[in-house]
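So the structure is just underneath, and the comments pick up after that.
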Amino acid sequence: MKIEKNKVVSFHYVLKNNEGEVIDSSENHEPLVYIQGSGGIIAGLEEAMEGKKIGDKFDVVIPPDKAYGLYDDELLQTIPLSSFEDPADVEEGIQFQVDTGDGIRIATVTEVHDDEVIIDFNHPLSGETLYFDIDVQEIREATEEELEHGHVHTHECCH
Ligand code: ZN
């Protein structure tokens, strides 16, 4: 069986940035599981997965536009420090969830001033070229229910 649309794929990965630093890895965790063609993983990785088989190991380099997007200055916002519940805890680098009205987004505090804070809605990996080492573990057909829901059902899952 090879990876194609509507196959459930599990894989191990190591993700490095342009400097060769490991920024994420499934090592010591369960493999990542997704449905090919569902948009469950970044576009560039889904493309690289197409046609691969169980046991395949490969490297892939993914440019920002097929990963987490280009960095967008328009996604910076200035908000009053007083809009935080605990202004004393606000510092550069902290991340928090914001309900934007069309979904939960992660914002990162990039600058703290006397009474204003600059927050950034760009994904922390936007603008980055990503370097993956991939190790394909399993491939199976998705069930009808999984396709309907657009996500994989595991034994831990929720329904
Ligand atoms: Zn479901």
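The values are calculated or read from the model by the stated rules, or taken from the named source; none is laboratory data. Worth saying up front: this structure is predicted, and the values here are computed from it rather than measured. No Cβ is skipped: glycine too gets one built from the backbone with ideal geometry, and neighbour counts run over all protein chains shown. Ligands, DNA and RNA are excluded from the accessible area calculation, which covers all protein heavy atoms including side chains. Shrake-Rupley method; radii C 1.70, N 1.55, O 1.52, S 1.80 Å.
With respect to Glu138, determine if the residue is within 16 Å of the ligand (Cβ to nearest atom), within 30 Å of Asp56 (Cβ to Cβ), charged (D, E, K, R) and surrounded by 10 or more Cβ atoms within 10 Å (Cβ to Cβ).
no
Filter segment 63-108 down to residues that are of a type in the set (Val, Ile, Thr) and touching an Asp or Glu at 6+ places or on another chain (Cβ under 6 Å) and give me whichever is nearest to Glu46 (Cα to Cα).
This residue is Thr108.
Sort out which residues of segment 21-38 are in contact (Cβ under 8 Å) with a residue 60 or more places away in the chain and small (Gly, Ala, Ser), and write them in order of number.
Ser38, the sole residue that qualifies.
Within segment 119-131, can one find any residue that is open to solvent by less than 60 Å² (accessible area, probe 1.4 Å), within 25 Å of Lys2 (Cβ to Cβ) and within 16 Å of the ligand (Cβ to nearest atom)?
No: zero hits.
Out of curiosity, is Glu116 more than 16 Å from the ligand (Cβ to nearest atom), at pLDDT 95 or above and within 20 Å of the chain's Cα centre (by Cα)?
No: the conditions fail for Glu116.
I need every pair where a residue in segment 50-61 that is basic (Lys, Arg) has its Cβ under 8 Å from the Cβ of a residue that is exposed (fewer than 12 other Cβ atoms within 10 Å of the Cβ), sequence separation at least 6 or different chains.
Final answer for the pair search is Lys53/Met1.
Can you tell me which condition Pro63 does not meet? The list is (1) modelled with pLDDT of 95 or more; (2) farther than 30 Å from Met1 by Cα, and all the others hold.
Result: Pro63 fails condition (2) only.
What is the number of the single condition among (1) within 11 Å of the ligand (Cβ to nearest atom); (2) closer than 18 Å to Tyr13 by Cβ that Glu148 does not meet?
Every listed condition holds for Glu148 apart from (2).
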